[in-house]
């Protein structure tokens, strides 16, 4: 409540609409930070909270908070993720806060500026794509190295100097506004830290427990110094980062605002403290405190969102290990400390991403990663440095910067602290293009409406090439729409929502004198995640094999079959299609060619588009919970998939169609990762077993040597998951890997739970898929 | 050169009944195991009875069956019936394969397929990276791979040319000269079954005497100019299947132990009995010898047998490559 | 169209509110919920007229809503302005938001969280909203509030 109250109050009263957007934002966040209540929670060594509670929901009235308006009076009693709210809070939101934003949210400003364009109306049909800028700009890694190496005062000093430099052109004035906004908002953060320090002193004065009193006094000292000054200790460095992260969460909803390479950024402080006598246990405790802190806020979505897409955490990725900018092994003691904390706490957040460079990283490091994965069941995930560096280099990132990549959100490689890559700004449902190719630009969900361009109805097609052409037309159109929408939304952000704090922590912005949203970062790109890849490849391949190559049945028959949801009399057709070995994730040449074609087409088409900051669009294959949500809305497909079944997640084969582990890894590894620059999530499940630990590492190593980009595992069997679905109370902490990030199983919506249960599970002892059912 | 003891089998084309990728129990590392069809022995306890006959057979996989009945109408001898839980009356079935053709899904499959050498090598090389990172490779198993010396040799040679570690699992019933000439140069590891020390019992339970087998084992372990004794010991791993009442008797294991010791063996492997195959075989009207145990070995029994051997013994899990039916 | 004036003529304010409330609740139970929209709007209107606490929702609020059924049978323009609510049978493009719905039940399913079957609504392409969604959210709150109040479920 604190944030919407403060933002709304400021915007209603002190805000001066005559100021530039940058300056308005600078003043706003200074106000927000100065008026943020300092909260110190029990039993944590780090000070500060995202909300005014120990764990709270943040409502961003300028983004999508209004979508819970209809449910304000029922939300405290809903089944999934209920949210406690008082009568007074409801009234405040309903009467005072929300009405102010009716015409002022990003979504509605973009709509109005562009005359309620088709691209935005298409998004509201749910099943085609989602453009996430309506929720925030996020999915990036701030430059925390800057925070701990310089301190905010030094950044303010630089902004001040630049502001005072000569020049009075229009451009210069815009820059000066930006520099002023940086100073204002960072001073706000410093005020907040000072308030925390006073609060810690106040609590210490009345604390009776001597140990806790000592902790509080230390906390007061820490907050007196950081993040204004450069931290001196490991604890100060962590608290400095945490306070800045809190600030960034006031500016933007935390949708995968990621942490970057913490083991690198923090190592000097860790090493110093170890020399001074800090024990390993103390280091693990501090990391643990930090892990608990970053999960202190939860997203709030309306029931529809929960039903279809719910259960996500904030997807805050932390990245470990890998190589340094010179290409040498960068794994250090802190890497292992962080792994230990992860292993002990088994938390949903952060999403722990481990980098591994075959031949450079040490085998015992990989073994340890596998061990932690087995012990936690779901984390960390594995990234291949060799392929990720190549993928980023292909996007114009310098070699040194590419080597310094970290994972954003689910899996997206991004040169951290210098790239604004909004790697999850677009989530596109590939099967909707497939539908439109089958029905001449119409979609079953939107019935007779002509959505996409009119292409020849599939029943009239005489060659596979013709079908592919129609797919390309529909995909191309869909991409046009979603890119237009993202660009519209980006411009709405520029107009009403610059982000001076994020920009202060982003390399490039200071030099250019530009906000992140206007292209200030060194690297500018936009990432689009594709949903339903394997289902579309299998469908297209089935059409190629059975309709055009073998002519076993006609396009009309396959369309009747999917319209009838493969029911009698189409069971035989379905058995034929399902039994075919021509599938994504096998040795099939046909499926591989189709996957290469589709991935190539998507990459080339998106790369041909420019975003509103002059950057390029990249494509990735990771799906969060969207493959289950979109799946629930989608009819039967030519692949043999039935109506409403979840799609396969990420870049994972369809459950049951890729029976051999090595073939599956081989298939995915050999896809062209330079055309998958927005990352991919290969989600596999291994049957738990203690005898095959070393083989686990071997499969990861082999996958990477063949070129694989990323892979992640749930080490759990179906029986356990099914039991957990039935008796959630028995498994309160069971956490699983969804598609890129981890989530508590009990929080997931039923479609997603079902997908994880049916997801391809391989027995490492035999390398065979354990079929579902 | 003596005539091949398996000459009657080799007239058939070499068929493969399974290629198991990511195999972890057929030698070191991650391996691909090729199961050949056809075996000169007829061990009472054979876990893969479908591997004895060199000809193709028809497998039924009930979980993939949608009960469409196309096989029933396709079968020329009326051997298929949907009411039969095993679908096929094996006594009537002539293995013509018409039902496999007719099946829209993969509920009926032809077990035993001929792969041209190039194609088999191509499949086996697909997992090369897995072999490399894990110290694995390719294993030939069966049935009995030495039934098809020329074919096996051609594939093994191609694999060695690609730098792949190769292994073979054999019952030892082969013509030595031919084996020495065609196979030996291309295998890194020979897993050699030693079942019974007594020749008569061997004949009774496996259909053949053990003379040739033991002679071959001696030959393998005998000094050869090319290899040091350590290398030879490394390259040959005797494996003893523990079949209660048959091979797993103190008397037999003692004899085998003495025999192996006498031959200078440093390491061998015990394969614990796995009774799961029995019900499967019975369901198909196979005669299962009533003396065969229906239980797993107890840890105490296993320990007892292990103790008979005075050198490092590794106990392997068994029970891979199970077909649903045959 | 439903004639509110006629329906409540001769009734006391309290009685009129009761009767329109009952009518609204009853419309929810009907199989097709054919009368849902008019019952809701009528009850809303009388609440705005006589319940100052509820009227607070539309004080200083201006919003124009178009509701129409996909078959064209229903077309209602609802105009909120400075504490007043006007309902007219009319189509207009000059609105903040337009809601097209298959039938009364679909609209009810869409608007009221207690009666909701989200998947069904989406899968059957039942309701289409065009325009400023925030206005729709606000309307959703006001509609839900009425139902919760009548059924004694307000938090």
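Partner shielding of A:94-106 amounts to 3, given as the average count of beta-carbon atoms from other chains within 10 Å of each residue beta-carbon.
Assuming R0 = 25 Å, what is the FRET efficiency of residue B:276 and residue B:249, from their Cβ-Cβ distance, to the nearest 0.05?
Step by step, r from the Cβ atoms, then E = 0.70.
Packing-based ranking of A:426-436, C:33-43, C:115-125 yields A:426-436, C:33-43, C:115-125, ordered from highest to lowest mean Cβ neighbour count within 10 Å.
Across the range A:301-448, Cα-Cα pairs farther apart than 28 Å form 35% of the total.
What translational D, rounded to a whole number of µm²/s, comes out for the range A:53-175 from Stokes-Einstein when the hydrodynamic radius is the Kirkwood one over Cα pairs, at 10 °C and 1.306 mPa s? Estimated diffusion coefficient is 85 µm²/s.
Report the Stokes-Einstein translational diffusion coefficient (µm² s⁻¹, integer) for the range A:234-362, Rh taken as the Kirkwood radius over Cα pairs, at 37 °C with viscosity 0.692 mPa s. Taking Rh from Cα pairs, D becomes 207 µm²/s. Note on residue B:304/residue B:209: beta-carbon distance plugged into 1/(1 + (r/R0)^6) with R0 of 30 Å gives a FRET efficiency of 0.60. Inter-chain Cβ neighbour count for B:124-130, averaged per residue, equals 6 (cutoff 10 Å, partner chain atoms only). Look at the Cα gyration tensor of the range A:651-773: its axes a ≥ b ≥ c give a/c of at least 1.5 with a/b over b/c, and that counts as prolate.
Kindly provide the helix-only [θ] at 222 nm of chain A, computed as the sum of -39,500 (n - 2.57) over DSSP H runs of four or more divided by all residues, to the nearest 500 deg cm²/dmol? Let's see the in-between values first.
On the way: 31 runs with 356 residues, N = 773.
That calculation yields -14000 deg cm²/dmol at 222 nm.
Residue ranges A:636-649, A:45-58 sort as A:636-649, A:45-58 when ordered by packing (mean number of other C-beta atoms within 10 Å per residue, highest first). Placing a pseudo-label 7 Å from each Cα along the Cα-to-Cβ vector at residue A:771 and residue A:398 gives an inter-label distance of 5.5 nm.
With the largest listed first and rounded to whole Å, the semi-axes of the equivalent ellipsoid of the range B:57-111 from the Cα gyration tensor are 14, 12, 11. Take each residue of peptide A:656-668, count the partner chain Cβ atoms within 10 Å of its Cβ, and average: the result is 3.
Sort C:23, A:592, B:294, A:670 by Cβ crowding within 10 Å, fewest neighbours at the top.
Values: C:23 17, A:592 20, B:294 10, A:670 14.
The fewest-first ordering by Cβ neighbours comes to B:294, A:670, C:23, A:592.
The fewest-to-most ranking of B:170, A:41 by surrounding Cβ atoms within 10 Å reads A:41, B:170. Each part gets one Cα centre, and for the range A:681-706 versus the range B:133-162 those centres are 26 Å apart. Taking the Cα atoms of the range C:11-72, the ratio Rg/Rh between the radius of gyration and the Kirkwood radius comes to 1.03.
Sorting A:477, A:69, A:597, A:291 from the fewest to the most surrounding beta carbons within 10 angstrom yields A:597, A:477, A:291, A:69.
Projected label points at residue A:121 and residue B:61, each 7 Å from Cα along the beta carbon direction, are separated by 4.9 nanometres.
Does chain A come out rounded, prolate or oblate, given a ≥ b ≥ c as the square roots of the eigenvalues of its C-alpha gyration tensor, rounded meaning a/c under 1.5 and, failing that, prolate meaning a/b above b/c?
It comes out prolate by the Cα gyration axes.
At a threshold of 8 angstrom on Cα-Cα distance, excluding pairs fewer than six apart, so keeping six or more, what relative contact order does chain A reach in percent?
Values: 1596 pairs, mean separation 114.0, N = 773.
Reported as a whole number, the value is 15 percent.
Once the convex hull of all Cα atoms in chain C is built, its volume per residue stands at 113 Å³. Rounded to the nearest 0.05, the FRET efficiency derived from the C-beta distance between residue C:34 and residue C:82 at R0 = 30 Å is 0.40.
Does the range A:608-672 come out rounded, prolate or oblate by the C-alpha gyration tensor, with a ≥ b ≥ c the root eigenvalues, rounded set by a/c under 1.5 and, if not, prolate when a/b is larger than b/c and oblate if not? Provide the component values of the computation, followed by the final result.
On the way: a/c = 2.83, a/b = 1.34, b/c = 2.12.
Oblate shape, in that a/c is at least 1.5 and b/c is the bigger or equal ratio.
The ratio of the alpha-carbon radius of gyration of the range B:66-167 to the globular-protein estimate 2.2 N^0.38 Å is 1.49. Across chain B, the convex hull enclosing all Cα atoms gives 144 Å³ per residue. Taking 0.36 nm per residue of separation and subtracting the current Cα-Cα distance, fully stretching the chain between residue A:103 and residue A:554 would add 157.2 nm. Helix B:299-308 and the longest principal axis of the Cα set of chain B meet at an angle near 40°. What distance in nm separates the simple spin-label points at residue A:170 and residue A:465, each placed 7 Å from Cα in the Cβ direction? Each label point is offset 7 Å from its Cα along the Cβ direction, giving 5.1 nm.
State log₁₀ I(q)/I(0) for the range A:360-518 at q = 0.12 Å⁻¹ as given by the Debye formula over alpha-carbon point scatterers of equal weight, solvent excluded. Log10 of I(q)/I(0), two decimals: -0.83.
When ranked by the protection proxy of mean other Cβ atoms within 10 Å per residue, highest first, what sequence do the peptides A:11-21, A:123-133 form?
Descending mean neighbour count gives A:123-133, A:11-21.
Only the coordinates and a few stated rules stand behind these numbers; no lab work does. It should be emphasised that the depicted structure is a prediction, and the values quoted were computed from it without experimental measurement. Backbone-built Cβ (ideal geometry, glycine too); neighbour counts: all protein chains shown.
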